[in-house]
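In what follows, a single structure is set out as structure tokens and then discussed.
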Amino acid sequence: MNRTDAVGPDAAVRAWRALADTSVLLDGFHAIKHALRFDARVPVALTGDRAEVLALADELAPDVRDALDALLVEVPEERLRALVPRLHPTATAALAVRPSRAANLDALGRMPRTAPVVVLDDPRNLGNAGAVIRLAAGFGATGVVTTGTLDPWHPTVVRGGAGLHFATAVERMDIAGLPPGPVFALDAEGDDIRGLKLPDDAVLAFGSERSGLSAELRERADHLVSLPMRPQVSSYNLATSVGMALFHWSAGRPPGLET
Ligand SMILES: C[S@@+](CC[C@H](N)C(=O)[O-])C[C@H]1O[C@@H](n2cnc3c(N)ncnc32)[C@H](O)[C@@H]1O
């Protein structure tokens with residue numbers, strides 16, 4: 001018996017309404033797939049077409065097919081449309097339980113560390129923050145910390161992160177409370193990154209899209225590091241910079257240590 005038979009569309013929609021305000025919206029098949037792979041708790045998942053989504057899982061993600069089969073409740077697409085801001089082309093959405101702040105802070109503060117923490121100092125662009133979380137998850141970074149007012153669990157950030165908030169520890173913090181470890185702050189005026197090895201316990205800090213690193217973060221930095229850039233180019237995009245720095249860190253390690 002699948003979930004549609006067991007729960008029924010009315011009960012599933014009621015459960016959705018009860019949980020929506022306090023849960024993380026997983027928008028579309030790929031976000032749900034990633035969240036399930038990284039052990040997110042998903043109390044409700046709805047789709048306009050179970051058979052189509054399960055066929056997609058057979059093709060692209062057989063590892064989560066059984067979990068999806070057990071979870072997905074089919075509801076008419078117009079009912080689903082009324083529950084989400086914009087229905088994903090896969091006509092599938094789920095709600096996940098946000099990991100506890102205490103658990104994330106514990107993961108971020110634990111030493112020794114096997115992979116860096118990424119810090120975004122007062123980021124402004126929600127899409128950039130999502131892209132950075134996706135990069136951090138891909139490289140197996142310990143976590144992503146934001147300072148300032150942007151909420152790293154904002155639905156737009158979660159959408160940009162493709163469900164990978166569950167694969168790394170994501171929290172907002174003050175600079176004074178940043179995780180331990182040497183702070184390598186990325187700035188176009190710093191020492192060329194190619195001349196140094198980034199340690200596994202590094203805190204890699206990046207400035208805001210508008211104004212770069214704050215005075216407080218600069219004060220906290222142990223090293224200022226630059227990415228190679230031709231003269232007359234002012235700066236790279238924030239998420240691109242994080243990608244290059246994480247790649248540089250990973251290039252100093254033997255292959256296969258991502259997991
Ligand atoms: C769009 S840039 C910020 C540009 C900003 N106008 C400034 O004055 O720094 C966002 C962040 O990406 C990183 N970044 C961009 N280009 C970089 C480079 N060539 N070297 C090191 N970091 C860079 C820095 O951390 C920077 O604060």
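So if I check each of ARG86, ARG110, which one is under 21 Å from the mean Cα position of the chain (by Cα) and outside the structural domain of ALA11 (by TED's automatic domain parsing)?
The conditions single out ARG110.
Filter the stretch 212-259 for residues that are among the polar types (S, T, N, Q) and closer than 16 Å to ALA202 by Cβ and give the result. First the steps, then the outcome.
The initial filter retains those residues of the stretch 212-259 that are among the polar types (S, T, N, Q), namely 214, 226, 232, 234-235, 237, 240-241, 250, 259.
Matches in the stretch 212-259: SER226, SER241, SER250.
Considering the stretch 104-132 alone, what residues qualify as being out of contact with any Ser or Thr (no Cβ under 6 Å at 6 or more places or on another chain), more than 17 Å from THR147 (Cα to Cα) and either assigned to a loop (DSSP other than H, G, I, E, B) or in contact (Cβ under 8 Å) with a residue 12 or more places away in the chain (or both)?
Scanning the stretch 104-132 gives ALA107, ARG110, MET111, PRO112, THR114.
Kindly establish whether SER241 is out of contact with any Gly (no Cβ under 6 Å at 6 or more places or on another chain), within 9 Å of the ligand (Cβ to nearest atom), at pLDDT below 95 and not assigned by TED's automatic domain parsing to the domain that holds PHE29.
no
Any residue that is assigned by TED's automatic domain parsing to the domain that holds ALA239, within 27 Å of ALA40 (Cβ to Cβ) and within 12 Å of the ligand (Cβ to nearest atom) - is there at least one of those in the stretch 206-217?
Yes, the stretch 206-217 contains a residue that is assigned by TED's automatic domain parsing to the domain that holds ALA239, within 27 Å of ALA40 (Cβ to Cβ) and within 12 Å of the ligand (Cβ to nearest atom).
The values are calculated or read from the model by the stated rules, or taken from the named source; none is laboratory data. If you're wondering where the values come from, they're calculated on a predicted model, not measured in any experiment. Positions of Cβ are generated from backbone atoms using ideal geometry, with glycine treated the same way; all protein chains shown enter the neighbour counts.
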